[in-house]
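Trainee: Take this structure, written in C-alpha cells, and hold onto it; I'll ask about it next.
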Amino acid sequence: DWTMAAYKAEAIARIQAQVGTGRVICGLSGGVDSSVAAVLIHEAIGDQLTCVYVDHGLMRQGESEQVVGLFRDHYNIPLVHVDASDLFLGALDGVSDPEQKRKTIGRLFIEVFDEEAGKLGGADFLAQGTLYPDVIESVSVSGGPSMTIKSHHNVGGLPERMKMQLVEPLRELFKDEVRALGRELGLPESFIGRHPFPGPGLAIRIPGAVTREKADTLRKADAIYLDEIRKAGLYDEIWQAFSVLLPVNTVGVMGDVRTYEAVLALRAVTSVDGMTADYYPFTHDFLGRVATRIINEVKGVSRVVYDVTSKPPGTIEWE
Ligand code: XMP
C-alpha cells in the first residue's frame with residue numbers, strides 16, 4: 001500500500017535519523033528536484049537546514065526573484081542568495097567548448113558553495129536533489145567503456161576536505177514521483193510543473209563563447225517564447241521548451257533598413273524522463289506568432305527557426 005503521503009513520512013523519518021542534530025546545507029537551483037529536496041528536509045529538521053542559491057548570471061528571466069520569493073518569503077527557509085554572475089561570466093569568457101563550459105561552471109559552483117559553507121561556519125551534511133536517473137547515468141559513465149555523453153555537474157565533485165555526508169532523499173525517485181512528492185509537500189503548482197533547467201543554464205544554449213549581452217538577449221527572447229506557450233495553454237503538455245541563440249548572423253529587413261543579426265532557434269520536446277524525446281508539433285500559426293514577437297521585441301535577433309529533431313538522434317539541449 002504505497003502512497004506519497006506514506007513515502008513522505010518515511011523520507012522525513014530517514015532524514016531525521018541520518019542527520020540527528022547536525023547542520024545541513026542544500027544547493028538550490030530553482031529546479032523542481034532541489035526545491036522538493038529542500039522543502040522535505042526543512043519539514044524534517046527545520047532550521048538546521050540552510051539553502052544556498054548561486055546565481056551564475058545564466059538563469060532565465062525572473063528566476064532568481066521567484067526562488068528567493070518562494071523559499072525565503074513563503075517558506076521562511078534560511079536562504080543565502082549569492083550573485084556570482086561576474087565570477088562565472090568572467091571565467092567563461094572565450095570558452096566555447098560545451099564540456100569546457102560545464103566543467104568551468106561545475107568547478108565554480110563548488111568553489112562558491114564551499115566559500116558560502118565556510119561563511120556559515122561549516123555543515124555536517126550536504127543535501128542534493130539527486131534523482132534515480134542521475135544515479136544511473138553517473139554510474140554508467142564511470143563504470144566502464146560506455147561513453148560520457150555529457151558531464152552533469154550535480155552529482156559528486158566536492159573537495160575531499162569538505163567532508164560532508166550527502167543527504168539525497170530523492171535518490172529512489174523518478175521525475176514524476178518527485179512532482180507527486182512536491183504536491184504532497186504543498187509546493188505551488190507553478191513550481192512543481194516547471195520545465196527542467198540544466199545546471200549550466202543558458203551557457204549551453206549559447207553555442208560558442210558566452211557573453212553577458214548574449215545571455216541578456218537570449219533571456220528576453222526565451223521569456224517571450226515561454227509567455228506565448230503559457231498563453232496558448234501548452235506549457236504542461238511540453239517537457240521542456242527553450243531558445244538557443246546561434247552564433248550565426250543573417251541578413252534581414254526591418255522597415256526599409258537592412259539588418260544583420262543573430263538567428264534564434266526554438267526547441268520544444270515531449271518526453272517522459274528526458275532520456276528520449278519527440279519534438280513538439282506546434283501549429284505554423286503559433287510558430288509564426290512567436291517569431292514575429294521575438295523579432296519585433298528583441299534587439300539582436302532577426303531570424304527565428306524551429307528545431308524538428310527528436311532524441312535520439314539529437315539531444316534535448318544543443319550542447
Ligand atoms: P540532453 O541534452 O542530454 O538532456 O538530451 C537531457 C536532460 O538533461 C538536462 N541537461 C542537464 N542538466 N546539467 C544538468 O543539470 C547539465 O549539464 C545538463 N545537460 C543536459 C537537459 O536540460 C534535459 O532535461
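The values are calculated or read from the model by the stated rules, or taken from the named source; none is laboratory data. Everything numeric in this text was worked out from a predicted model, so none of it was measured. In this analysis, Cβ positions are derived from the backbone assuming ideal geometry, glycine residues included, and neighbour counts consider all displayed protein chains.
Trainee: In the range 292-308, is there at least one residue being among the small types (Gly, Ala, Ser), buried (at least 20 other Cβ atoms within 10 Å of the Cβ) and more than 27 Å from ILE192 (Cα to Cα)?
Mentor: yes
Trainee: Here's something else I'd like to know. Pull out all pairs, ordered by first then second residue, where Cβ-Cβ is under 7 Å, the residues are six or more apart or on different chains, the first lies in the range 12-30 and is basic (Lys, Arg), and the second is surrounded by fewer than 18 Cβ atoms within 10 Å (Cβ to Cβ) and not in a strand (DSSP E or B).
Mentor: ARG23/ASP124
Trainee: Here are some conditions: (1) under 25 Å from GLU99 (Cβ atoms); (2) crowded, with 17+ Cβ neighbours inside 10 Å; (3) not assigned by TED's automatic domain parsing to the domain that holds ILE41. LYS175 meets all but one. Which one does it not meet?
Mentor: It is condition (3) that LYS175 fails.
Trainee: Which residue out of GLY208, GLY186 is under 24 Å from ILE316 (Cα atoms), small (Gly, Ala, Ser) and in a loop (DSSP other than H, G, I, E, B)?
Mentor: After applying the criteria, what remains is GLY208.
Trainee: Counting only residues that are more than 16 Å from the ligand (Cβ to nearest atom), of a type in the set (Phe, Trp, Tyr) and surrounded by 14 or more Cβ atoms within 10 Å (Cβ to Cβ), how many does the range 235-283 have?
Mentor: Here the count works out to 1.
Trainee: Still on this structure: For residues in the range 264-319 being among the small types (Gly, Ala, Ser) and assigned to a strand (DSSP E or B), which is farthest from the chain's Cα centre (by Cα)?
Mentor: It comes out as SER302.
Trainee: Mind telling me which of the residues LEU218, LEU181, LEU187, LEU202 ends up being within 16 Å of the ligand (Cβ to nearest atom), over 14 Å from VAL95 (Cβ atoms), crowded, with 17+ Cβ neighbours inside 10 Å and aliphatic (A, V, I, L, M)? Even if it seems obvious, please write down each step before you answer.
Mentor: Values: LEU181 fails: within 16 Å of the ligand (Cβ to nearest atom); LEU187 fails: within 16 Å of the ligand (Cβ to nearest atom); LEU202 fails: over 14 Å from VAL95 (Cβ atoms).
Result of the check over LEU218, LEU181, LEU187, LEU202: LEU218.
Trainee: Please specify each residue of the range 271-314 satisfying the condition of being at pLDDT below 95 and among the charged types (D, E, K, R).
Mentor: Scanning the range 271-314 gives a single hit, ASP273.
Trainee: Scan (1) at pLDDT below 95; (2) within 28 Å of ARG107 (Cβ to Cβ); (3) surrounded by fewer than 19 Cβ atoms within 10 Å (Cβ to Cβ) for the single condition HIS74 breaks and write down its number.
Mentor: Checking HIS74 against (1) at pLDDT below 95; (2) within 28 Å of ARG107 (Cβ to Cβ); (3) surrounded by fewer than 19 Cβ atoms within 10 Å (Cβ to Cβ), the one that fails is (2).
Trainee: Give me the helices (runs of 4 or more DSSP H) completely within the range 8-100, filtered to those with at least 2 residues that are within 15 Å of the chain's Cα centre (by Cα) and closer than 14 Å to LEU170 by Cβ, ordered by residue number.
Mentor: 32-45
Trainee: Is it the case, given these coordinates, that VAL155 is modelled with pLDDT under 90, surrounded by 17 or more Cβ atoms within 10 Å (Cβ to Cβ) and under 30 Å from GLN16 (Cβ atoms)?
Mentor: So VAL155 fits the description; yes.
Trainee: Across the range 77-103, what is the number of residues that are in contact with a Pro (Cβ under 9 Å, 6 or more places away or on another chain) and crowded, with 17+ Cβ neighbours inside 10 Å? Can you show your working first?
Mentor: Going residue by residue through the range 77-103, those that are in contact with a Pro (Cβ under 9 Å, 6 or more places away or on another chain) are 96, 98, 101-102.
Pick out the ones that are also crowded, with 17+ Cβ neighbours inside 10 Å and you get 98, 101-102.
Qualifying residue count, the range 77-103: 3.
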